[in-house]
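Visitor: Here it is, the structure, as structure tokens.
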Amino acid sequence: MSETFYGSDFGALEAFDPEIAGVLVSELDRLRGGLQLIASENMSSPAVLTSLGSTLSNKYAEGYPGRRYYGGCSEVDKAESLAIERAKALFEADHANVQPHSGASANQAVYGAFMSPGDTILAMSLPHGGHLTHGTKMSFSGKWFNAVHYGVDKDTEDIDYDEVERLAKEHRPKVILAGGSAIPRLIDFEFFRRVADEVGAIFWVDAAHFIGLVAGKAIPSPVPHADVVSFTTHKVLRGPRSGAIVCKEEHRAAIDKAVFPMMQGGPQMHTIAAKATNFKECATPEYQAYAKQVIANARVLAETLGEKGIRPTTGGTDTHLSLHDLQQVLVTGADAEARCDAAGITLNKNAIPFDPQKPNIASGIRVGTPCVTTQGMGEDEMRTIGGLIARAVVDGDADPEHAVSKEVRAEVTDLVTRFPAYAR
Ligand code: DSN
């Protein structure tokens, strides 16, 4: 086997642990062999993967650059300082903390910085597109804090801004949170800022999904409006699987103390180095063109599915993802996901607003274009992909041996051969 795993000695792994080496190879084959349409996934560059596979993983470095609790931090200090400075420049932010291990860890730190147990947060409800960490009962956020939720308007299926204002005035939350994991439309940050000011709340944006579009200057930034912005680094942004926070100068100390020592211990220095590399990539004209193409592709994909009876909620998208209602084609989200999987298309079932189904069945699917755009596909390919999804969902089957699964898979293979992931 001669496969290159960036930044690491694959031969050594293969010799010592062929089972795990086999998983690395078969996962790469899986990525290369099908269409990846999960809106929260992407394909990091070899440069980013090299930092992730480096010896920086070995280092304990609790603290911050120049203020560590361990010796031997001179080199990792350089990596973290570069990541901080690059994040500040990329997002035009006063301060950046690049240590959160993930989006959920970043969000924990924001709660830790601004809220005490029992305080009230106003956030978007999960079934309407929010996130687990935005006050759902299963998460620490709903167990320890008093979460009040707004949703979407029944007609527009976009954020119900009147409800946001009404609930803010009624509950006077400590924090107002905008953002979520299934919001196809742009968020009116100026509106949220005004309401937060009127009720004396901190305005927090969880930009995990769309921060890459902000980095690529393809959509407006929440940074000038929000007190604090948390995000992941592995979605459209295309960095390592991790998180980060940017905030106003006045919140610097609160955020830093909340990340460490309140919520986390030793930072993952290899991942922080990879974030630095990713932020440098995002500052290039190539990345900006990529971010714009992600949106152009998402629009065409949403429109094509809509033409096939798979209606996009809100009528379309302004971002990298669209959410589709399958009720017209009489297929559940769970069945659609399984049928697409059998046809070589990876996407996820998703609750739609006012969904009559349970979340593990769902009436919708969510599709996103970060991966296929990384592979170089454009609007023409999105029309093809929309047609393939519709065939798999409406006429297909969860059995990979079904005739439709096979037909669609053959066309998927043609596409990914012309637009390879991790080209050899
Ligand atoms: N799990 C992520 C997503 O798929 O949107 C959000 O955390």
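The values are calculated or read from the model by the stated rules, or taken from the named source; none is laboratory data. None of the values given here were measured: they were computed from a predicted structure. Because the Cβ atoms are built from the backbone with ideal geometry, glycine has one as well, and the counts that use them run over all protein chains shown. Protein only, heavy atoms only, side chains kept; ligands, DNA and RNA dropped before computing areas. Shrake-Rupley method; radii C 1.70, N 1.55, O 1.52, S 1.80 Å.
Visitor: Among 59/217; 88/292; 235/349; 174/275; 59/88; 137/174, which pairs are too far apart, with a Cα-Cα distance over 26 Å?
Guide: Long pairs (Cα-Cα over 26 Å): 59/217; 174/275.
Visitor: For residue 8 and residue 284 in one chain, what is 0.36 nm times their gap in residues minus the Cα-Cα distance, to one decimal in nm?
Guide: 96.7 nm
Visitor: Follow-up question, since we're still on this one. Let me cross-check residue 422: its accessible surface, 1.4 Å probe, with only protein heavy atoms counted, in Å² to the nearest 10?
Guide: 50
Visitor: Just the number, please: percent antiparallel of the DSSP beta bridges in the chain, rounded to the nearest 5.
Guide: Details: 21 of 37 bridges.
Approximately 55 percent, going by the DSSP bridge assignments.
Visitor: How much of the DSSP bridge set in the range 25-163 is antiparallel, in percent, rounded to the nearest 5? Can you show the working numbers first?
Guide: Working: 3 of 8 bridges.
Antiparallel: roughly 40 percent of the beta bridges in the range 25-163.
Visitor: Turning to a different aspect of this structure: How far, in nm, would the chain grow between residue 252 and residue 60 when pulled straight, counting 0.36 nm per residue and subtracting the alpha carbon separation?
Guide: Numbers: separation 192, 0.36 × 192 = 69.12 nm, distance 2.29 nm.
Additional length available on full extension: 66.8 nm.
Visitor: Which Cα, out of 287, 224, 258, lies furthest along the positive dipole direction of the range 206-306 (beta carbon charges, K/R +1, D/E -1)?
Guide: My answer, from the dipole projection, is 287.
Visitor: Ok, one more. Taking H as built 1.01 Å from N, whose amide H comes closer than 5 Å to the amide H of residue 152, not counting residues under 5 places away?
Guide: Under 5 Å from the amide H of residue 152 lie the amide H atoms of 160, each far enough along the sequence or on another chain.
Visitor: Considering only protein heavy atoms, what per residue accessible area in square angstrom results for the chain with a 1.4 angstrom probe?
Guide: That works out to 41 Å² for each residue.
Visitor: Could you tell me the calculated FRET efficiency between residue 361 and residue 74, based on Cβ-Cβ distance and R0 = 60 angstrom, to the nearest 0.05?
Guide: About 0.65, to the nearest 0.05.
Visitor: In percent, how large is the relative contact order of the chain, given Cα pairs closer than 8 Å and 6 or more residues apart? Intermediate values should be presented prior to the final figure.
Guide: Values: 899 pairs, mean separation 86.5, N = 424.
Relative CO of the chain lands at 20 percent.
Visitor: Roughly how many nanometres apart are two label points built 7 Å out from the Cα toward the Cβ at residue 407 and residue 15?
Guide: It works out to 5.1 nm between the two label points.
Visitor: Related question: If you take every DSSP beta bridge whose two residues both sit in the range 189-275, what share of them, in percent to the nearest 5, is antiparallel? Walk me through the numbers before you get to the answer.
Guide: Numbers: 5 of 8 bridges.
Around 60 percent antiparallel, to the nearest 5.
Visitor: Still on this structure: Going by amide H atoms built from the backbone, whose H comes under 5 Å of the H on residue 352, apart from near neighbours?
Guide: 363, 364
Visitor: With unit charges on the beta carbon (Lys/Arg positive, Asp/Glu negative), name the residue among 129, 98, 47 whose Cα is farthest towards the positive pole of the charge dipole of the range 1-152.
Guide: The residue sitting farthest along the positive end of the dipole is 129.
Visitor: Then there is this: Roughly speaking, what is the stretch gain from residue 47 to residue 23, that is 0.36 nm per residue apart minus the C-alpha to C-alpha distance, in nm to one decimal? Can you show the working numbers first?
Guide: On the way: separation 24, 0.36 × 24 = 8.64 nm, distance 2.14 nm.
Contour length minus the Cα-Cα distance gives 6.5 nm.
Visitor: Determine the relative contact order of the range 33-131: mean sequence separation of Cα pairs under 8 Å and six or more apart, normalised by residue count, in whole percent. Before the final figure, lay out the partial values.
Guide: Numbers: 36 pairs, mean separation 10.6, N = 99.
Contact order relative to length: 11 percent.
Visitor: Would you work out what percent of the accessible area of the chain, with all protein chains in place, is carbon or sulfur (probe 1.4 Å)? Intermediate results must be reported in sequence, preceding the final value.
Guide: Numbers: 9170 of 17320 Å².
After summing per-atom areas, the C and S share lands at 53 percent.
Visitor: Hey, in the GNM for the chain with a 10 angstrom Cα cutoff, which one of 406, 358, 280 fluctuates hardest?
Guide: Greatest mean-square fluctuation among the candidates belongs to 358.
Visitor: Which value in deg cm²/dmol, rounded to the nearest 500, describes the helix-derived mean residue ellipticity at 222 nm for the chain, given -39,500 (n - 2.57) per DSSP H run of n ≥ 4 and division by the residue count?
Guide: Working: 16 runs with 183 residues, N = 424.
That comes out to -13000 deg cm²/dmol.
Visitor: Taking amide H atoms as placed 1.01 Å from N in the peptide plane, list the residues 5 or more away in sequence, or in a different chain, whose amide H sits under 5 Å from that of residue 397.
Guide: For residue 397, whose amide H was placed from the backbone, the distant partners under 5 Å are 405.
Visitor: Below 8 Å between Cα atoms, with a sequence gap of 6+, how large is the relative contact order for the range 145-282 in percent? Before the final figure, lay out the partial values.
Guide: On the way: 176 pairs, mean separation 22.6, N = 138.
In percent, rounded to a whole number, it is 16.
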